[in-house]
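J.: Structure below; questions to follow.
The values are calculated or read from the model by the stated rules, or taken from the named source; none is laboratory data. Note that the coordinates shown come from a computational prediction; the quantities given were computed from them, not determined experimentally. When we count neighbours, we look across all protein chains shown, and the Cβ atoms used for this are built from the backbone with ideal geometry, even at glycine.
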Amino acid sequence: MSFSKAQDLVRLARLAATRRSGVSLDEICEEFGVSHRTAQRMTEALETVFANVEAEDGEDRRRRWRIADRMLDRLQLRQETALEALEIASRTARLDGRLRHATALEDMRDGLLARLVPKDALRTEADVEAVLMAMGSVTRPGPRVNLPPLVLDAVIEALRGPFRLRLHYGSHDAPERVIEPHGLLLGHRSYLVARQPARGEKLFNFRMDRIYGAHTTDETFCFEPGFSIEEYAAQSFGVFQNQDQYCEVIWRFSPEVASRASEFCFHPRQNLEWEEDGGLIVRFQASGWLEMAWHLYQWGDKVQVVAPEGLRLLIEGYGRADFEALP
């Protein structure tokens, strides 16, 4: 068995030991990026090497493999990558003002380090710091709106309930509102998606930086039936939504920038169509024309808005040809 396969087998064994319901073939395929047949061979190796492997068929008629003995938790695998990921996530959370999440991630990082012998802990910390010093993305350059940590903590606590929130919106002395939070849209400007019972069943977007004096109540509520924050977010190009602008969006990138444009994910549900002259058509459905205009400006005169008409008129006359670089 090769060294890399041995590493994968140990990792699979740890997953089978730590996941309460075990691991299925589909989960192995996703976790290790392998084919269904390779996943089967991995479970065969698991049963061959370890004597305490149990294979059971669940209610979903999928077979799962688990190891009842948790002694595998004592196997100390190299933790550099895990520590790097936790450190990056904690720094990002702290920059976003999510102090509770930052603290929890830092506690996890410290817990991993505490399990290592001092020599390995020092080496691992040094390796992690070397990588982080070279990753400028951790600092998240560029303008952004700071989120009030106390407000964000109250929102997260309310989402966990779910509980209703009492807050002042727009200014500290604004009349108090009671809202029912459904999710957070995080971006250069972040929004709280919530229902305000006094205004009916419609969902509204509340700018997080304009929320004051938020506190969680002990009043529970039911989410909008079938609500999904992923589905909701997909209705917008950025983070802002305007249902009056929701429609099919069609952009055409000229042949000289089409290759570059094809590397972008403008929208999670976009469709790309190559034209005979090398141009690229991008189609998706979303709202938020102003955020689209901000982005399209960076492409100068190398992009054309085919639809909708309102967006085309919004950017008309602003396509410059003298940009030295594209996005």
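J.: Suppose we keep only residues that are of a type in the set (A, V, I, L, M, F, W, C) and exposed (fewer than 14 other Cβ atoms within 10 Å of the Cβ) within the stretch 291-325. Which one would you say is farthest from GLU248 (Cα to Cα)?
T.: This residue is ALA325.
J.: Tally the residues that are over 14 Å from GLU291 (Cα atoms) and buried (at least 18 other Cβ atoms within 10 Å of the Cβ), restricting the search to the stretch 234-249.
T.: 0
J.: Would you tally the residues in the stretch 246-268 being touching a helix residue (DSSP H, G or I) at 6+ places or on another chain (Cβ under 7 Å) and of a type in the set (Gly, Ala, Ser)?
T.: Number of matching residues: 1.
J.: Is there any pair with a first residue in the stretch 302-324 that is part of a helix (DSSP H, G or I) and a second that is acidic (Asp, Glu) and modelled with pLDDT of 85 or more whose Cβ atoms are under 7 Å apart and which are 6 or more apart or on different chains, and what are they?
T.: If the second residue must be acidic (Asp, Glu) and modelled with pLDDT of 85 or more, the pairs left are LYS302/GLU256.
J.: State which residue is farthest from ARG164 (Cα to Cα) when the search covers only the stretch 214-223 and only residues that are touching a Leu at 6+ places or on another chain (Cβ under 9 Å) and surrounded by fewer than 16 Cβ atoms within 10 Å (Cβ to Cβ).
T.: Going through the qualifying residues, I end up with HIS215.
J.: For the stretch 218-228, state whether one or more residues are among the acidic types (Asp, Glu), modelled with pLDDT of 90 or more, in the same structural domain as SER171 (by TED's automatic domain parsing) and not in a helix (DSSP H, G or I).
T.: Here is the first cut: in the stretch 218-228, the ones among the acidic types (Asp, Glu) are 218-219, 224.
Narrowing further to those that are modelled with pLDDT of 90 or more: 218-219.
Then keep just the ones that are in the same structural domain as SER171 (by TED's automatic domain parsing); that gives 218-219.
Then drop every residue that is not not in a helix (DSSP H, G or I), which leaves 218-219.
Yes, because at least one residue in the stretch 218-228 is among the acidic types (Asp, Glu), modelled with pLDDT of 90 or more, in the same structural domain as SER171 (by TED's automatic domain parsing) and not in a helix (DSSP H, G or I).
J.: Let me ask something else. Conditions first: (1) more than 18 Å from ARG61 (Cα to Cα); (2) surrounded by fewer than 15 Cβ atoms within 10 Å (Cβ to Cβ). LEU9 passes all but one, so which condition is the exception?
T.: (2)
J.: Determine whether LEU184 is closer than 21 Å to LEU290 by Cα, under 27 Å from the mean Cα position of the chain (by Cα), not in a loop (DSSP other than H, G, I, E, B) and not basic (Lys, Arg).
T.: Answer is yes for this residue.
J.: Within the bounds of the stretch 67-74, is there any residue that is surrounded by fewer than 19 Cβ atoms within 10 Å (Cβ to Cβ) and either under 17 Å from VAL128 (Cβ atoms) or at pLDDT 85 or above (or both)?
T.: no
J.: Give the residues of the stretch 25-42 that are among the β-branched types (Val, Ile, Thr) and within 13 Å of ARG14 (Cα to Cα), sorted by residue number.
T.: Of everything in the stretch 25-42, just one residue is among the β-branched types (Val, Ile, Thr) and within 13 Å of ARG14 (Cα to Cα), namely ILE28.
J.: Here's something else I'd like to know. Answer yes or no as to whether ARG269 is modelled with pLDDT of 90 or more, surrounded by 14 or more Cβ atoms within 10 Å (Cβ to Cβ) and not assigned by TED's automatic domain parsing to the domain that holds GLU176.
T.: no
J.: Looking at the structure I just gave you, is VAL249 out of contact with any Cys (no Cβ under 6 Å at 6 or more places or on another chain) and modelled with pLDDT of 95 or more?
T.: So VAL249 passes the test.
J.: Right, something else. Filter the stretch 15-71 for residues that are of a type in the set (Val, Ile, Thr) and not in a loop (DSSP other than H, G, I, E, B) and give the result.
T.: THR18, VAL23, ILE28, THR38, THR43, THR48, VAL49, VAL53, ILE67
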